Amino acid sequence: MVLSKAVHSDDAALHCTFASRYVRAPLPRFKLPEESIPKEAAYQVINDELMLDGNPRLNLAGFLSTWMEPECDKLMMAALSKNYVDMEVYPVTTEFQNRCVTMIAHLFNAPIGTDETAMGVGTVGSSEAIMLAGLAFKRKWQNKRKAEGKPYDKPNIVAGANVQVCWEKFARYFEVELKEVKLKEGYYIMDPEKAVEMVDENTICVAAILGSTLTGEFEDVEKLNELLTQKNKEIGWDVPIHVDAASGGFIAPFLYKDLVWDFRLPLVKSINVSGHKYGLVYPGVGWVVWRSKEDLPDELVFHINYLGTDQPTFTLNFSKGSSQIIAQYYQFIRLGFEGYKDIMENCMGNAKVLREGIEQTGCFNIVSKEVGVPLVAFALKDSTKYTVFNISENLRRFGWIVPAYTMPADAQHIAVLRVVVREDFSRSLAERLVSDIQKVLGELEEHFEHVTKVITTQVDIQTGGAVHKRQHEIEEGMITSWKKEVNRKKRNGVC
């Protein structure tokens, strides 16, 4: 055996975060700390706290992508320091955006030729895309009204009450009235006939949703175009349509090729779509495409030259990262039409498995439709014992994040659960979720029976056994309790 000699060194201190003072010191929450700490310690304490976040893969509330291939991850990491707006320095990244816009324009059947050429821009998401599209509609309407010598201070947009909250933001931030078509039980999307009835001379556009946030349904854009064309012709207006295809824009072209919803309809002047939803890119990237240059007023486009060359820009912000643009281009050339079609078919197949499993419990009514975004929205048949909010809370014990919410006006008495099926939600996960829902239902049923027995026992004790509350009176008390719980947790406008 080798004889070893002990060596003294001043650097022999143990370098371990958990053996240091940093793990017992509170993390700064309100003020910048006075002193620096080692990078290893900073990483460890932050990483430990982040462990308490939910698992993105099990977050079934969101439409946003939670998985990409490692090769794309590498491309994104390499581009983290690239400022997307600096076109002169990063011309290839700018070219990638141009290619993406052109591919999306073709996918949405935009006119691309000498007379009409589609235009578009990348955004941080569909919210910014909708803001830009709305501003274009508002400015174009104002310019026309000014030229005609008519008032231009009361613009409005007509949309269903099921629109995403970004439409409400646009209306409030840019002083546009949002005229909402109310919903009703069993019909949770915009009725095109009612929408056209609400159109007036101050309407800058009608917004149609291709993939409702609430139920995943596609609104009937073709019917809307037909009715609005007729009204425009009768009165002499030219009210256009914007299609909010945030969720459905990368689904309909691959699964419902015969569905007419896009630039094939003359009144559709702009379309937005989320690259970070079924475009299969991490948050956040969105796109907005206009039918032609005439649909985007020139005065909204800024030209800057202090980054080295003339650069036209139409965004709400300025600097932003390039990673998502590069990732979108990667997905387009990596998957192609065939790959996207296969993924969307898988999503729809797994949504069907989930829908059937939920139906087989016998406890739910399926609210969503089979045609649309691959999601399953479902409501309890009987909410007297427990509510969808109780189910949502209890599913978190198994790691699942399943939102529960009430519908907008005039269907706010309907409360549902919703599961969004994304690319990384496999059949095995769908089957496991159904199994866990069944467990939660059994536990809630047992809890209700236990509480009922306790109340009955208390009544017996208080009355000395002489008087017994009838069963329906006990149940009415339970129902009142549950209703108070529902009212306390009601939420609208889920993402």
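Observations, loosely collected:
- The condition (being of a type in the set (D, E, K, R), over 30 Å from residue 392 (Cα atoms) and without any contact (Cβ under 8 Å) to a residue 60 or more places away in the chain) is satisfied by just one residue among 88, 128, 71, 148: 148.
- Tally of residues being under 16 Å from the mean Cα position of the chain (by Cα) and surrounded by fewer than 12 Cβ atoms within 10 Å (Cβ to Cβ) across region 51-85: 0
- Residue check, residue 120 more than 21 Å from residue 250 (Cα to Cα) and open to solvent by less than 70 Å² (accessible area, probe 1.4 Å): no
- In a residue-by-residue description of region 196-212, the property of being open to solvent by less than 10 Å² (accessible area, probe 1.4 Å), among the hydroxyl-bearing types (Ser, Thr, Tyr) and over 29 Å from residue 61 (Cβ atoms) applies to at least one position.
- Residue among 353, 371, 301, 367 that alone is in contact with a Lys or Arg (Cβ under 8 Å, 6 or more places away or on another chain), within 27 Å of residue 276 (Cβ to Cβ) and either among the β-branched types (Val, Ile, Thr) or open to solvent by 70 Å² or more (accessible area, probe 1.4 Å) (or both): 353
- Looking across region 166-184, the residues that are more than 15 Å from residue 205 (Cβ to Cβ), touching a residue at least 40 places away in the same chain (Cβ under 8 Å) and open to solvent by 50 Å² or more (accessible area, probe 1.4 Å) come down to 168, 169, 173, 182, 184.
- Any chance residue 369 is farther than 28 Å from residue 127 by Cβ and either part of a helix (DSSP H, G or I) or not hydrophobic (A, V, I, L, M, F, W, C) (or both): no
- Among the residues listed as 138, 146, the single one being open to solvent by 80 Å² or more (accessible area, probe 1.4 Å) and either more than 30 Å from residue 330 (Cα to Cα) or outside any helix (DSSP H, G or I) (or both): 146
- Verdict on residue 184 being at pLDDT below 95 and of a type in the set (D, E, K, R): yes
- Every residue from region 321-350 that is of a type in the set (A, V, I, L, M, F, W, C) and open to solvent by less than 40 Å² (accessible area, probe 1.4 Å): 325, 326, 327, 332, 335, 343, 344, 347, 348
- Subset of region 74-93 (residues that are part of a helix (DSSP H, G or I) and either among the hydrophobic types (A, V, I, L, M, F, W, C) or closer than 16 Å to residue 275 by Cβ (or both)): 75, 76, 77, 78, 92, 93
- Residue check for residue 284: closer than 26 Å to residue 209 by Cα, assigned to a loop (DSSP other than H, G, I, E, B) and either among the charged types (D, E, K, R) or not assigned by the TED database to the domain that holds residue 231 (or both): no
- Checked against (1) open to solvent by less than 50 Å² (accessible area, probe 1.4 Å); (2) over 22 Å from residue 250 (Cα atoms); (3) acidic (Asp, Glu), residue 88 meets all criteria but (1).
- Subset of region 19-31 (residues that are part of a helix (DSSP H, G or I) and either touching a residue at least 40 places away in the same chain (Cβ under 8 Å) or under 30 Å from residue 397 (Cβ atoms) (or both)): 23
- Of the helices (runs of 4 or more DSSP H) lying entirely inside region 160-264, those containing at least 3 residues that are farther than 22 Å from residue 344 by Cα are 165-173, 192-198, 221-235.
- Residue 117, sole failed condition from (1) at pLDDT below 95; (2) among the β-branched types (Val, Ile, Thr); (3) out of contact with any Pro (no Cβ under 8 Å at 6 or more places or on another chain): (3)
- Residue check, residue 289 within 27 Å of residue 140 (Cβ to Cβ) and open to solvent by less than 30 Å² (accessible area, probe 1.4 Å): yes
- Criterion: of a type outside the set (Val, Ile, Thr), modelled with pLDDT of 95 or more, out of contact with any Cys (no Cβ under 9 Å at 6 or more places or on another chain) and surrounded by fewer than 19 Cβ atoms within 10 Å (Cβ to Cβ) - qualifying residue of 219, 226: 226
- Scanning region 32-66 for residues that are aliphatic (A, V, I, L, M), part of a helix (DSSP H, G or I) and without any contact (Cβ under 8 Å) to a residue 60 or more places away in the chain, we see that the one that is farthest from residue 274 (Cα to Cα) is 41.
- Restricting region 266-279 to residues that are open to solvent by less than 10 Å² (accessible area, probe 1.4 Å) and of a type in the set (A, V, I, L, M, F, W, C), the residue that is nearest to the chain's Cα centre (by Cα): 273
The values are calculated or read from the model by the stated rules, or taken from the named source; none is laboratory data. Everything numeric in this text was worked out from a predicted model, so none of it was measured. For neighbour counting, all protein chains shown are included, and Cβ atoms are generated from backbone atoms with ideal geometry for every residue, glycine included. These accessible areas exclude ligands, DNA and RNA; they are computed on the full protein's heavy atoms, side chains included. Shrake-Rupley method; radii C 1.70, N 1.55, O 1.52, S 1.80 Å.
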